[in-house]
Amino acid sequence: MSAGHDHGGHAHDHTDGANAQMLSWALALTTAYLVAEVVGAFVFNSLALLSDAAHMLTDVAALVIALLAIRFGQKPADDKRTFGYKRFEILAAAFNALLLFGVAIYVLVEAVQRFRQPEAVQSTGMMIVAAIGLVVNLISMKLLTSGKDASMNVKGAYLEVWADMIGSVGVIAGALAIRFTGWTWVDPIVAVGIGLWVLPRTWVLLRDTTNVLLEGVPGGIKLPELRAGIAGLSGVAGVHDLHVWSMASDDINCTAHVTLAEGADADAVRKRVADMLDSRFGIEHCTIQTEAAAELCEDTGHLHP
């Protein structure tokens, strides 16, 4: 019985420094506006601004997570954390999702109360704050444009900022409606609309991070297809104890026991399996244990189906 280990190259990406710098600028702008928007929400009594601030929080979190992925992801593994620090990104994302659920529930409860008892809203201040937010979003998008095609993390942050721009446009439209019609109920309507826009994506974020923490099969990979791909290779008589999981959003690992066909070369089979996992499923990090049919593990009760 023998085992082999294979992983793709992890050379330092020289674009990481530039991406980190652009992310840092975008984070500084977005965080400053987030604080201003929360203050403006209470000063101008706008629930829509508060709801948009909750959405802006997703932008801040996405930018922080992207920076963490770059900086902590490059930190080498050690004797205490043999997988390194990549899962820090997932913990931060899970915390962000839980926080957003709490804010969204508060906004929805407050909106119901305002439908029952409308409150005055300072539409001019509300519109000014939202307009500033729109400008901040456009600047952040410009900063992130150059790196979004080279990094999944930067692309995720870019899409979050793009989505928040829609929220800013909604708040501006609501402020204009209140200013020219006096319909203060438009404010909670916009707040609920933004909340309903954010919640589904927050649920997806929580679902995906929970799957990573439970070491579930990463999204986009179907285990039966992967098993069939290994089993169909030359020199493979069977595969069991197959496990696929991820440590972070862009890091996929695989381990498997492969039963060799009669006369097959173990090293050649391991290489074929590793190459197939990389080319077909994007799995660069795998540990393949090979065994002859006569050496097949006796503990079949714990074999992966």
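Subtracting the Cα-Cα distance from 0.36 nm times the residue separation, let me have the gained length for K271 to W25 in nm, one decimal.
This chain segment gains 84.2 nm when fully extended.
Inverting the mean 1/r over all pairs of different Cα atoms, compute the Kirkwood radius of region 14-214 and quote it in Å.
Value: 17.5 Å, from the Cα pair sum.
Enumerate the whole-percent occupancy of each 10 Å bin, from 0 to the last occupied one, for all C-alpha pair distances of region 231-287.
23, 54, 19, 3
Quick one: in region 149-281, what % of C-alpha pairs are over 22 Å apart?
59 percent
Pairs of Cα atoms under 8 Å, at least six residues apart: use those to get the relative contact order of region 223-291, whole percent.
For region 223-291, the relative contact order is 33 percent.
When Lys and Arg each count +1 and Asp and Glu each count -1, what net charge do the other residues less than 13 Å away from G193, Cβ to Cβ, add up to? It would help to have the intermediate numbers written out before the result.
On the way: positive: none; negative: D52, D187.
It works out to a net charge of -2.
What translational diffusion coefficient, to the nearest whole µm²/s, does region 98-141 have by Stokes-Einstein, given a Kirkwood radius computed over alpha-carbon pairs, a temperature of 37 °C and 0.692 mPa s viscosity?
Details: Rh = 12.7 Å.
The diffusion coefficient I find is 258 µm²/s.
What net charge is computed for the residues neighbouring A77, neighbours being all others with C-beta under 13 Å from the C-beta of A77, Lys and Arg scored +1, Asp and Glu -1?
Result for the neighbourhood of A77: +2.
Would you please give the residues with an amide H less than 5 Å from that of I283, counting only those at least 5 places away or on a separate chain, with H modeled from the backbone geometry?
D278
Counting only pairs 8 or more residues apart or on different chains, how many lysine pairs in region 14-214 have their Cα atoms under 23 Å apart?
6
None of the figures in this text is laboratory data; all of them are computed from the coordinates on show. Treat the numbers as computed from the prediction; the structure is a model and nothing was measured. No Cβ is skipped: glycine too gets one built from the backbone with ideal geometry, and neighbour counts run over all protein chains shown.
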